[in-house]
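Beneath this line is the structure, given in structure tokens, with notes to follow.
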Amino acid sequence: MVQLNYHIREVTIESLQYTDSVVKTVNEAYQTGDSWTKARDTFDFDVPRTNAEEINGLIKENVCNKKTHILIYVFDTTNEEKSVIGTLLASYPNDKGESEFTLLSVAPQYQSKGIGGQLMEYMFNRIKLMGATTVVLDLLDNRIDLVAWYKKLGFIEVGKKEFKWRGNTIAGVSSLLMKKGI
């Protein structure tokens, strides 16, 4: 059995070289049948969750303007070649001390190995240092396994709202709002 070695860190401008790996990881986590976190079964969307232009823009914004969000990667360092196997994007806290996050993904072949939980812990610690007191997320309310996972991490349900995908309301799909004090 090969032991998995990984490293979690915030992106730097050098992280641009990993964009293709990031796009693949995110899209597989959100869209393939091999992933327990996939959203594809919830509604029919025919566009990827992200693309190179979006990821490169997030990296450049993160490096140049660290007042809006942090982008965190998990690197597989088992072999000589590093590849990105997980991602998370968190906002800087607002005036209420709330930080939202999105783009949490772990490549399907690395799921259920504790990486997502470690990524969340990294984010909790990092945004707490920035002044956050609460973490906020919204996710599709019919993603029962994910809701249970977030509850296991200490999140509580606080409401629902219409689900929007790229500015469009998706009929019959709701977002569950969850919060966790840190």
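The values are calculated or read from the model by the stated rules, or taken from the named source; none is laboratory data. Remember, it's a predicted structure, so these values are computed and weren't measured experimentally. A quick note on method: Cβ atoms are made from the backbone with ideal geometry, for glycine too, and the neighbour counts reach across all protein chains shown. Ligands, DNA and RNA are excluded from the accessible area calculation, which covers all protein heavy atoms including side chains. Shrake-Rupley method; radii C 1.70, N 1.55, O 1.52, S 1.80 Å.
With the contact rule set at Cα under 8 Å and sequence spacing of 6 or more, what percent relative contact order holds for the chain?
Worked out over the chain, it gives 20 percent.
Kindly report the accessible area of the chain per residue (heavy atoms of protein chains, probe 1.4 Å, no ligands, DNA or RNA), in Å².
Result: 54 Å² of accessible area for each residue.
Projected onto the charge dipole of the stretch 102-182 (+1 at Lys/Arg Cβ, -1 at Asp/Glu Cβ, origin at the Cα centre), which of L139, A171, G116 gives the Cα projection farthest towards the positive end?
G116
How much of D20 can a 1.4 Å solvent probe reach, expressed as accessible area in Å² and rounded to 10?
Approximately 120 Å² of D20 is accessible to the 1.4 Å probe.
Note down the accessible area of Y122, probe 1.4 Å, to the nearest 10 Å².
70
Just how large is the dipole of the stretch 110-182 about the Cα centre, in debye to the nearest 20, putting +1 at every Lys and Arg Cβ and -1 at every Asp and Glu Cβ?
Rounded to the nearest 20 debye, it is 140 debye.
Considering only Cα-Cα distances, which of the following residue pairs are longer than 23 Å: K128/K152; K24/K113; K60/K161; K113/K151?
The answer is K60/K161.
Measure off, as a whole percent, the carbon and sulfur share of the 1.4 Å-probe accessible area of the chain, all protein chains present.
Here it works out to 48 percent.
Could you give the nm distance between label points at N5 and T68, where each point is 7 Å from its Cα heading toward the beta carbon?
The two pseudo-label positions are separated by 3.6 nm.
When only DSSP loop residues count, what trypsin sites (Lys or Arg not before Pro) in the stretch 53-102 have their Cβ near at most 13 other Cβ atoms within 10 Å?
K66, K67, K96
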